[in-house]
Amino acid sequence: MLGGLAKWLRAAGYDTYYAGEGTDVSDRSLIEKALEEGRVLLTSDGGFLERRPVRDGSVGFMKVPYLPLEEQLRLVVDRFALSRRPSRCMECNGELATVPPGAVSDRVPPGVLRDHEEFFLCGGCRRVFWHGSHWERISGRLERVFG
Ligand SMILES: [Zn+2]
C-alpha cells in the first residue's frame, strides 16, 4: 500500500525496493532482503513487529500510517533524518545518468529537445526524463518536505 511513498523516496534519491501489491513476497523473504541489503523496512503492516530481526533491531523498521502521501513522506524524512539526493527513477529505482540532448534526440519530441539542455537516462528501464512541468511539480513538493 506504500507504492506512492516508494516513488517519492526514489525521487528524493533513495534506493527503494517496493514489493508491490499482488507480488507474492513473504514477510520472511522481505526481512531477509532487508538484512542482506541493509535496507530499512517501511510497511503499513504491523505484523513485522513480531519478527525477531525487527524486534531486536537488526532490521530498521517503521510502520507508516495511512495518511496523505506528503505527510507519510514527511514522517519518514524526519524519522531517518533524510536529505535530498540526486533523484533515482521513480518507476524502477534505477540510477539516472545526465546525458546531452544529442544522446536522446531520437527519443524525445523536437519541442522538448529544443527547450532543454539536460536529459536523464535511467540505467534500469532506459526511460528518458527531463525537467519539464511534471518534474517541477515533483521537485516543488520535495522542497516543501525537505525544506
Ligand atoms: Zn527506470
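Here, each number is a calculation from the coordinates, and none is a lab measurement. Fair warning: this is a prediction, and the values are worked out from it, not measured in the lab. All Cβ positions, even for glycine, are placed from backbone atoms using ideal geometry, and neighbour counts span all protein chains on display.
Working from label points 7 Å from Cα in the Cα-to-Cβ sense, the Glu36 to Arg107 distance is 2.9 nm. In the chain, helices alone account for a calculated mean residue ellipticity at 222 nm of -10500 deg cm²/dmol, with every DSSP H run of four or more residues adding -39,500 (n - 2.57). In order along segment 92-101, the phi-based Karplus estimate (6.51 cos²θ - 1.76 cosθ + 1.60, θ = phi - 60°) of 3J(HN,Hα) comes to 10, 6, x, 7, 9, 9, 6, 10, x, x Hz; Gly and Pro are listed as x. Counting 0.36 nm for each residue step from Asp45 to Ala97 and taking away their Cα separation leaves a gain of 15.3 nm. The GluC sites (Glu not before Pro) found in segment 40-147 that occupy coil by DSSP, while having at most 11 further C-beta atoms within 10 Å, are Glu117, Glu118. Over all alpha-carbon pairs in segment 45-87, figure out the percentage whose distance exceeds 16 Å. Result: 50 percent of Cα pairs exceed 16 Å. Only bridges with both residues in the chain count here: give the DSSP antiparallel percent, nearest 5. Of the beta bridges lying entirely in the chain, close to 70 percent run antiparallel.
Compute the Cα gyration tensor for segment 1-64, then decide on rounded, prolate or oblate, letting a ≥ b ≥ c be the square roots of its eigenvalues: rounded whenever a/c is under 1.5, prolate when a/b is larger than b/c in the other cases, and oblate in all that remain. Prolate. For the pair Glu117 and Tyr66 in one chain, pulling the backbone fully straight at 0.36 nm per residue adds 14.4 nm over the alpha carbon distance.
Using 1/(1 + (r/R0)^6) with R0 = 25 angstrom and r between the beta carbons of Glu136 and Leu82, what's the FRET efficiency to the nearest 0.05?
Working: r = 21 Å, r/R0 = 0.85.
After rounding, the FRET efficiency stands at 0.70.
Let a ≥ b ≥ c be the square roots of the eigenvalues of the Cα gyration tensor of segment 93-147; is it rounded (a/c under 1.5), or, if not, prolate (a/b larger than b/c) or oblate? Oblate is the answer for segment 93-147, as a/c is 1.5 or above yet b/c matches or exceeds a/b.
Grouping the Cα pair distances of the chain into 5 Å bins from zero gives a pair-distance distribution of 2, 9, 16, 19, 18, 14, 9, 7, 4, 2, 1, 0 percent in increasing distance order. In plain terms, the residue of Trp135, Trp8 with the fewest other Cβ atoms within 10 Å comes first and the most crowded comes last, giving Trp135, Trp8.
Backbone amide hydrogens, once placed in the peptide plane, bring Glu91 within less than 5 Å of nothing, excluding anything fewer than 5 places away on its chain.
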